[in-house]
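Trainee: Take a look at the following structure, please.
The values are calculated or read from the model by the stated rules, or taken from the named source; none is laboratory data. Only a predicted model underlies this, so the values are computations on that prediction, with no experimental measurement involved. Note: ideal-geometry Cβ built from the backbone for every residue, glycine included; neighbour counts use all protein chains shown. Please note that ligands, DNA and RNA were not included when accessible areas were found on the heavy atoms of the full protein model with its side chains. Shrake-Rupley method; radii C 1.70, N 1.55, O 1.52, S 1.80 Å.
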Amino acid sequence: MEIPLPRAARLRRRLSLLALTALASVMVLPAFAQQVAAPVALPQPTVAAGPRVALDTSLGRIVVELYPDKAPRTVANFLSYVRDGHYNGTIFHRVIGDLLVQGGAFTADLEHKPERAPVANEANNGLSNLRGTISAARRPADANSARAQFFINTVDNRQFDFRNADNPLQAGYCVFGRVVEGMEVIDKIRLVATTARGPLPGDVPVTPVLVERASVLGN
């Protein structure tokens, strides 16, 4: 594990990194005890179950249930990348234990995989970035820039929810599903040691956590 930084330094570092990459938050997040894993919360209001996707990783299987009724374009985009094999051989390239784990873009040697055109932001769908939900990553200054990258919330992150469509920093990050199996795998990932690697300034697992295969269940 990394040597822990003082609380103030950790918060400054976290916020600066988020501003540089696919996520942004204008709020300072509370500390979270990494040894304690809270239960996975179902987004409110309760939504109809949709397709399920399995992410078979080097640390175990994660199964996510998708919500096409709430985020049709985002779900269709994610399923398209799954069926095209895009996620096979990618890594979780950003791991911030008390915030999120993020993947979908880089190979193990940190080569960025090609992506298609972005989809419109569907964060204003009534769903919240609660622990265990999967959301579309995007650039902070462009609300409609989500492509292949996704993140799974390791804690409740309501600061990522929709607030204001006119301000990209408050336009939210679209929740489009949740983990229904393998949250213990997410909790393994969020505890791995991280470092700066390649083009990324930090939070990259020292030992790559690989998505060996992504598949739509039942197909």
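Trainee: Rounded, prolate or oblate: which one fits region 149-219, using the alpha carbon gyration tensor with axes a ≥ b ≥ c (rounded when a/c is under 1.5, else prolate when a/b beats b/c, else oblate)?
Mentor: Since a/c reaches 1.5 but b/c is at least a/b, the shape of region 149-219 is classed as oblate.
Trainee: Leaving ligands and nucleic acids out of the surface, order Val204, Val47 by accessible area at 1.4 Å, largest first.
Mentor: Of Val204, Val47, the descending order of accessible area is Val47, Val204.
Trainee: Quick one: length gained pulling Asp98 to Glu111 fully straight, 0.36 nm per residue minus the C-alpha distance?
Mentor: Working it through step by step, the gained length comes to 2.1 nm.
Trainee: Order 60-70, 128-138 from most to least packed using the mean count of other Cβ atoms within 10 Å.
Mentor: Taking the mean over residues of other Cβ atoms within 10 Å, the ranking is 128-138, 60-70.
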